Each structure stands twice: as structure tokens, then as C-alpha cells.
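Take a look at the structure set out below.
The values are calculated or read from the model by the stated rules, or taken from the named source; none is laboratory data. From a predicted model like this one, the values you see are computed outputs, not experimental measurements. For accessibility, only protein heavy atoms count, side chains too; no ligands or nucleic acids. Shrake-Rupley method; radii C 1.70, N 1.55, O 1.52, S 1.80 Å.
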Amino acid sequence: MTITVGDENFTDGDMLDCYINIYSKHCYAGMIEYFFNRENGQELLDRWMYINMMMNWLLYVWWGVPHAILWFSFTRFRLEANPEEHIPKWEPAFYDDLTFNEWLWFKLCSLDTQMLIPLMASGLLGEEISAEAGGNQAIFIKRTLGFWTAENLSDQLAEHDKWEMYMGLFSLLIWAVIILVLVLVPYYLILSAYCTNKFGLEEVDMACQAAFWSHIEFGAFVYPKGGLYWDWAKDAQDVYDQHLIDYPPTVEEETTTTPAE
């Protein structure tokens, strides 16, 4: 399917060209016509939302939290200071002869829309709108910056602030899962195996953990006087014994009751 936008053609293959480049001469107007045609616009937009949500996972991991900080410290205030100039437009001619600062600004706005719109449409955080209420087309109109107006800017910023916070927290949650799966779980499994093989323990205790870390050295300079290195041949029994001396385990005393005569 091909839709004419001015003198250019906008096709399904242009979706990749518009990734993080939404607010540009060709993309935004083309996307509007592409996603709002009566034949299959809703279906095309649903597919775009789904594919871009899949593509966005790496963005959420490495840029989600910095982007939320950037929004609250810079982007929203720039929009608020001069909405007529800084709100993106859908007309292709608006993007003719951009200065470098203007080009960079609309790249930042494109990145913002790229990260938030698919997340809103995913339903993970509750934004999903039913087909009867307009579905993803309603989200596209309601949330893309190009449909914002100076008259309603305060309400739109307040709603957008909420979603920026959601996106930042969502990114932190992804990091928590990554750390749990890739760091904490393997660490516990290795530590458990170490305690079992080295000291015959069925459960990890603090003394065994201290012995485990005694094999690893870290300094501020380069090896051998610094850096990160380990020596698994080191005998850590004295570390284990000293930890038990310094922090003796608490033993619960059994209380006996004398039956009343």
C-alpha cells in the first residue's frame, strides 16, 4: 500500500526510516495519512505499535531513566516556554531549512514519542483504549506531541508527566529483573555451591559468605597492586573461623516448663 504525501510516497518500508525520526518532513504527515486511512489504517497502526514496543525494549533499558530525567529537567520546560515554536507540526513544509538546534530538538521529541506511545498502547500500564473508543488511533491523536495545542498545554503536560514517570519506573523495573536474573540468582547459586563443597553447609551463612569474598581482591589501581582479581586456591578456613569468633551464631535456648502439681 502506498499513500501520497505531497510529492513523496510513504510505504510500509518507511516505518524503519521513521524510527526515532517521527517529527520530520516525510514521516509525521505520512504516518498520519497511513494510520488514518479508512481501508486498514487501524490495523496498520496496531501493527506499528506492537512492532515498535518490541523494538523499544533496549531503549527502555539504556535510556529510559535518563530520558525521564531529561524530560523533567529540560524538555517540558522548553515546550512550556515557547509552545508555538517547539510543538512539532504535521505539515511537511514546517521541517524545511531547520537549524541544527531545531533538528536536534525534533529528534528529542521524536525519541520521546517513540518511547511513550507504544508503551501507552501496550496496555501494560493501563492506557489501552477499546476499539469502540478509537483504539490506538485515539492514543495516537491524544498523545503524540504534534496534536498538542498551546491552549491545552498545561493539561497535556500534566498527563505527559505521569507517563514519563511511569516509563522511568518501568525502566527501573526492567533493570531490577535483569540484575535479579543475571547477577543475584547466579551469585547465590555459586555461593551455595561454594559453601556446600568447601564447608559442607546445607545453607549459606555469613561466615561462608565472608570466606567466599576473601578470595576476591579489589583495588583502585592496576593489577597486581589493584584492580579486580581472585585466587580460588587460597585457604579461607581461617577467615571462616575468625568470622564465627567475631560474630558467634545465636543459639536459642529451649525453655522447659514444670507442670503444676
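Below are the figures for this structure:
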read-out	value
Under 21 Å from the Cα of residue 198 - lysines, other chains or at least 8 residues apart	234
Of all accessible heavy-atom area on the stretch 30-77, the percent that carbon and sulfur account for (1.4 Å)	68 percent
Reach of residue 107 by Cα under 27 Å, taken over lysines that are not fewer than 8 positions away in the same chain	25, 89, 142, 162
